[in-house]
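Notes for the one structure printed next.
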Amino acid sequence: MYAISLGDDGAEVRPLEPWRAEEFLAHIGRGREFIGQHNALPDVVTDLESSRVFLQAYADKTAADAGRLYGIWTDDKLVGAVLFRTMDVKQGTAEAGCWLEPSAVGKGLVTRAARVIIDWAIEERGIHRVDWWVSAANEASIAVARRLGMTKDGVLRESYLHRGKRHDEEVWSVLAPEWQAGKQAS
């Protein structure tokens, strides 16, 4: 088991694996309404079995080199996650995403954790393009995309059906040369 520090505040990112299903379900329970504003995850993870199934799906993606899921912990409490929802190493593309429970908002955790996984994907796995798909109404997630140095590629009008309503989605991305230039500049 490994953990990567996210800074001096003790926050860290670790793989989020099926054996953590109870902890994951408790985390989703604490953030159910908040996370569910823009993300269908709380509608999918509703009990211990669905928690295990969700985490196992990402374990399978990890084994197939087609995605990854990492939890964000503060004070040894799971408070959020960053992930590669999809990853195609052959094509050099990945789609990153995130969520947090309310207690963790405003601390820069997602930005710091996303930097860790994007850096790994580009530097270690040779990913050329990382996408960030976000509801146009999710200002916090859009702000993360900006802090990560991503470019807004466009808006997919009413492309995301969530809880019976159609939402616009913005697509943001960063290319490997842009990521590397941004690292050198900072």
Problem set entry | Selected residue (only one of Gly71, Gly31 is farther than 26 Å from Ile127 by Cβ and touching a strand residue (DSSP E or B) at 6+ places or on another chain (Cβ under 8 Å)) | Gly31
Problem set entry | Residue ID - surrounded by the most Cβ atoms within 10 Å (Cβ to Cβ), chosen from residues in segment 38-78 that are of a type in the set (Asp, Glu) and not in a helix (DSSP H, G or I) | Asp65
Exercise. Within segment 32-56, how many residues are under 15 Å from the mean Cα position of the chain (by Cα) and modelled with pLDDT of 95 or more?
Worked result: 2
Exercise. Has segment 9-18 got any residue that is of a type in the set (Val, Ile, Thr), at pLDDT 95 or above and open to solvent by less than 70 Å² (accessible area, probe 1.4 Å)?
Worked result: yes
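Residue-wise test of (1) surrounded by 17 or more Cβ atoms within 10 Å (Cβ to Cβ); (2) modelled with pLDDT of 95 or more; (3) over 21 Å from Thr151 (Cβ atoms).
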{"site": "Ser103", "(1), (2), (3)": "no, no, yes"}
{"site": "Gly106", "(1), (2), (3)": "no, no, yes"}
{"site": "Arg115", "(1), (2), (3)": "yes, yes, no"}
{"site": "Asp119", "(1), (2), (3)": "no, yes, no"}
{"site": "Glu123", "(1), (2), (3)": "no, yes, no"}
{"site": "Ile127", "(1), (2), (3)": "yes, yes, no"}
{"site": "Trp132", "(1), (2), (3)": "yes, yes, no"}
{"site": "Ala137", "(1), (2), (3)": "no, no, no"}
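Looking at segment 79-112, which of its residues are hydroxyl-bearing (Ser, Thr, Tyr) and either in a strand (DSSP E or B) or free of Cβ contacts under 8 Å to residues at least 24 places away in the same chain (or both)?
Thr86, Thr93
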Exercise. Which ones in segment 60-115 are among the aliphatic types (A, V, I, L, M), closer than 22 Å to Trp172 by Cα and more than 13 Å from the chain's Cα centre (by Cα)?
Worked result: Ala66, Val89, Val105
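The values are calculated or read from the model by the stated rules, or taken from the named source; none is laboratory data. Note that the structure is a prediction, hence the values are computed from the model and not measured. Don't worry about glycine lacking a Cβ; one is built from the backbone with ideal geometry, like all the others, and counts go over all protein chains shown. With ligands, DNA and RNA removed, areas are computed over all heavy atoms of the protein, side chains included. Shrake-Rupley method; radii C 1.70, N 1.55, O 1.52, S 1.80 Å.
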